[in-house]
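Comments concern the structure below.
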Amino acid sequence: MGDISEHFSKRDFACRCKKCHHEFKISLTLVGILELIRSHFNKRLEILSGFICEEENTQQGGTKKNYQALGKAAKIMVVQIPPEQIFQFAERIPQVKGLGLNPVKKYVYLDIRDKNEKKWIWEGDKEIELTPELRQKYHLGEPQPLLQA
């Protein structure tokens with residue numbers, strides 16, 4: 001039992017740098033989305049990276065509009081579930097507007113940005129916009145209808 005939701009606690013989302021003493025900010029909409037993903041797969045969802053503080057964001061070369069620094073994004077994996085399946089399910093959630101797949105490190109990045117919807121794949125350290133060819137290469141299939149509220 002978490003202290004934010006059924007399965008998540010503040011520590012899951014807290015900044016992991018050694019400087020800010022686990023600073024924490026998170027959108028409850030994002031928490032709800034992660035609960036939905038966890039429930040769908042009925043497996044433990046691990047938050048690899050949630051909120052990052054301003055200093056850590058700067059050190060990583062992030063921008064002021066970094067959604068993790070705003071508490072609106074997370075890098076996740078679900079135990080025993082391929083990241084491609086997580087990506088496919090997450091893209092059906094209407095509030096998810098930023099979605100990235102890292103097939104090598106086996107995680108999915110998702111955010112709840114307000115506009116400029118974007119989907120991408122990491123190839124090496126490059127973020128490449130998702131195309132039909134990349135969908136095929138990474139076995140993502142055709143986009144499915146959005147889930148209804």
**Item:** Max mean-square fluctuation residue, GNM over the chain, Cα-Cα springs under 10 Å, options Lys75, Lys119, Lys137
**Value:** Lys137
**Asked** In whole percent, what relative contact order does the chain give with Cα contacts below 8 Å and a gap of six or more residues?
**Response** 17 percent
**Item:** FRET efficiency, Lys115 to Glu54 (Cβ-Cβ, R0 25 Å, nearest 0.05)
**Value:** 0.65
**Prompt:** Build a GNM of the chain with springs between Cα atoms under 10 Å: which of Lys72, Lys25, Lys115 gets the top mean-square fluctuation?
**Reply:** Lys115
**Prompt:** According to the Kirkwood expression over distinct Cα-Cα pairs, how big is the hydrodynamic radius of the chain, in Å?
**Reply:** 15.7 Å
**Request:** Of the options Leu34, Ala73, Leu110, report the single residue whose Cα projects farthest towards the positive end of the charge dipole of region 10-137 (beta-carbon charges: Lys, Arg +1; Asp, Glu -1).
**Result:** Leu34
**Item:** Phi to ³J(HN,Hα) by Karplus 6.51 cos²θ - 1.76 cosθ + 1.60 over region 90-106, Hz, x for Gly, Pro
**Value:** 4, 6, 8, 8, x, 6, 7, 10, x, 8, x, 10, 10, x, 7, 8, 6
**Message:** Using Cα springs under 10 Å in a Gaussian network model of the chain, which residue among Asn42, Asn57, Asn116 shows the largest mean-square fluctuation?
**Reply:** Asn116
**Request:** May I ask for the distance between the Cα centers of region 1-67 and region 135-149, given as a whole number of Å?
**Result:** 25 Å
**Cα-centre dipole for region 10-137 with unit charges at Cβ (Lys and Arg positive, Asp and Glu negative), debye to 20** = 240 debye
**Item:** Residues whose placed amide H lies under 5 Å from that of Trp120, excluding near-sequence neighbours
**Value:** Leu99, Gly100, Leu101, Leu130
**Asked** Relative to the longest principal Cα axis of the chain, at what angle does helix 28-41 sit, 0 to 90 degrees, rounded to 10?
**Response** 50 degrees
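Read-outs: derived from the displayed coordinates by stated rules, not from any lab. Quick caveat, the model's predicted, so the values are computed rather than measured. Positions of Cβ are backbone-derived with ideal geometry, glycine not excepted, and every protein chain shown enters the neighbour counts.
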